[in-house]
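The values are calculated or read from the model by the stated rules, or taken from the named source; none is laboratory data. Bear in mind the structure is a predicted one, so any value in this text is a computation, not a measurement. Cβ coordinates were reconstructed from backbone atoms using ideal geometry, including for glycine residues, and neighbour counts include every protein chain displayed.
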């Protein structure tokens with residue numbers, strides 16, 4: 001199984017559309033087999049969704065995601081855990097042990113706009 005985490009350095013990125021990177025993690029029998037990082041080349045939400053689907057991503061872990069992007073991913077069969085914050089390693093550990101908490105109805109942070117221009121000043125805490 002593969003999951004993807006929107007990342008900003010070693011933390012979950014605060015925004016799906018303008019995430020600096022996406023870390024893909026391959027999991028087998030509850031253990032990480034391999035990871036790779038995909039830098040954001042300026043893709044749209046749809047391009048990210050295409051990438052995630054082509055790479056057989058079962059779940060996306062993200063800080064914020066808009067309703068349209070969430071709907072596109074749901075339609076493609078990709079589960080979304082949103083409202084997640086923290087260090088990448090700690091978040092993946094929580095995912096693996098089943099203790100990750102997601103805010104399913106989370107909404108974007110104020111002034112985000114879910115676009116690169118709206119998110120340029122947001123940083124993960």
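Wholly within the stretch 53-120, which helices (runs of 4 or more DSSP H) include no fewer than the required count, namely at least 1 residues that are surrounded by fewer than 16 Cβ atoms within 10 Å (Cβ to Cβ) and modelled with pLDDT of 90 or more?
Values: elements: 67-75, 88-97, 116-119.
Helices (runs of 4 or more DSSP H) meeting the threshold: 67-75, 88-97.
Out of everything in the stretch 15-47 that is under 19 Å from residue 83 (Cβ atoms) and out of contact with any strand residue (DSSP E or B) (no Cβ under 7 Å at 6 or more places or on another chain), what residue ends up being surrounded by the fewest Cβ atoms within 10 Å (Cβ to Cβ)?
Ranking the candidates gives 45 first.
Only one of (1) free of Cβ contacts under 8 Å to residues at least 24 places away in the same chain; (2) over 19 Å from residue 11 (Cα atoms) fails for residue 93. Which number is that?
Only one criterion is unmet by residue 93, namely (2).
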